[in-house]
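> There's a structure below that I have some questions on.
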Amino acid sequence: MVSLKLQKRLAASVLRCGKGKVWLDPNEVSEISLANSRQNIRKLIKDGYVIRKPNALHSRARIRRFQAAKSKGRHSGPGTRKGTREARMPTKTLWIRRMRVLRRLLRKYREQKKIDKHLYHELYMRVKGNVFKNKRVLIEHIHKAKAEKVKEDLVAEQAQAHRLKTKAVKQRRVTKKKEAEKLLILPQAKLLALKKAEEAKAKKAASAKKAAPAKKAAPAKKAAPAKKAAPAKKAEKAAPAKKAEKAAPAKKAAPAKKEAPKKAEPAKKEAPKKAEPAKKEAPKKAEPAKKEAPK
């Protein structure tokens, strides 16, 4: 077999590539072997007997497959790790990412008028205080806060309406009372005059009652040393009766009522004492009669 070492070197020089990249047609070996100059090599290149091989591609199919597996959590066991947890994924980096996500969400909601500036500030400070661990928790909290605010506003409106209603009711009562007082001014004045007249009469009657027993006490002391029997007492009763006819009728009525109950009391007390022994004797006689019947 003919050596084509010279032709390959000249072809590499003309094609400006390495010898390994030069391809010589094996079917035209006799013709290629006759070419001993660069001009002849250029003619062979033009005819297609000498060709420069294309660049070999570096396939990434295996790398892509490996990376897809790693994204699922494969190939990350303790034997693969090089470095501590903090070195592999710093906690500060995780914190920065989380803060940026949550603050971006708050800004978006404020611009869309979903939350006001007061709620924005409150939630911003809570985010900084590590209250929310992700976006889902923050969004749920926003919905709950908005619902509570609506409920509080509704309760406040109802309370205000109730206060206004009660105030109106009180106002109506006051106006009605004032109107009633205006209508009853004259009748009330008459009633007050009547009450005053009745009080004056009552005071006069009381003073008369106090004066009557003082006058009667003097004749009673004079009759005591005589120590007369029943007819003497009757004579004493007749004497005040005569005096009463001369004096005012209101003064006589008071002593007559006081003496009457004193005489009636001893009569009521004696009656039950006599009736009691009669009731006790009756059952004692009846008992032996019942015992003899069965014999």
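The values are calculated or read from the model by the stated rules, or taken from the named source; none is laboratory data. In this text the structure is predicted, and so the values were computed from the model without any measurement. Quick reminder, even Gly has a Cβ in these numbers, built from the backbone with ideal geometry, and neighbours come from all protein chains shown. The protein model used for the area step is the full one, side chains on, heavy atoms only, and it has no ligands, DNA or RNA in it. Shrake-Rupley method; radii C 1.70, N 1.55, O 1.52, S 1.80 Å.
> Quick check: convex hull over the Cα atoms of the range 1-111, volume per residue in Å³, rounded to an integer?
Numbers: hull volume 30.4 nm³, N = 111.
About 274 Å³ per residue, rounded to a whole number.
> Sticking with this structure for a sec: What dipole magnitude, in Debye to the nearest 20, does the range 1-51 give about its Cα centre under +1 on Lys/Arg Cβ and -1 on Asp/Glu Cβ? Before the final figure, lay out each step's value.
On the way: 10 positive and 4 negative charges, 77 e Å.
Here the size comes out at about 360 debye.
> Oh, and also: Work from the charge dipole of the range 97-163 (Cβ charges, +1 for Lys and Arg, -1 for Asp and Glu, about the Cα centre) and give the residue of PHE132, HIS121, LEU154 farthest towards its positive end.
Of the candidates, PHE132 comes out farthest on the positive side.
> With charges only on Cβ, +1 for K and R and -1 for D and E, what is the dipole size of the range 50-133 about its Cα centre, in debye, rounded to 20?
380
> Ok, one more. On the protein heavy atoms, probe 1.4 angstrom, tell me the percent of accessible surface of the range 1-62 carried by carbon and sulfur.
Exposed carbon and sulfur together represent 51 percent of the surface.
> Cross-link list LYS72/LYS135; LYS190/LYS210; LYS176/LYS196; LYS70/LYS92; LYS149/LYS170; LYS108/LYS133: which exceed 20 angstrom alpha carbon to alpha carbon?
Working: LYS72/LYS135 23 Å; LYS190/LYS210 31 Å; LYS176/LYS196 29 Å; LYS70/LYS92 23 Å; LYS149/LYS170 32 Å; LYS108/LYS133 18 Å.
Over 20 Å apart, Cα to Cα: LYS72/LYS135; LYS190/LYS210; LYS176/LYS196; LYS70/LYS92; LYS149/LYS170.
> Here's something else I'd like to know. Compute the Cα gyration tensor for the range 41-103, then decide on rounded, prolate or oblate, letting a ≥ b ≥ c be the square roots of its eigenvalues: rounded whenever a/c is under 1.5, prolate when a/b is larger than b/c in the other cases, and oblate in all that remain.
In terms of gyration-tensor shape, prolate.
> I'd like to compare 29-41, 88-100: which one has the highest average count of other Cβ atoms within 10 Å, and what's the full order after that? All intermediate terms of the calculation are to be shown ahead of the outcome.
Details: 29-41: 14.2, 88-100: 10.6.
Put in order of decreasing packing, that is 29-41, 88-100.
> In Å², and per residue, what accessible area does the range 1-129 have when probed at 1.4 Å with the other protein chains present?
Accessible surface, normalised per residue, equals 80 Å².
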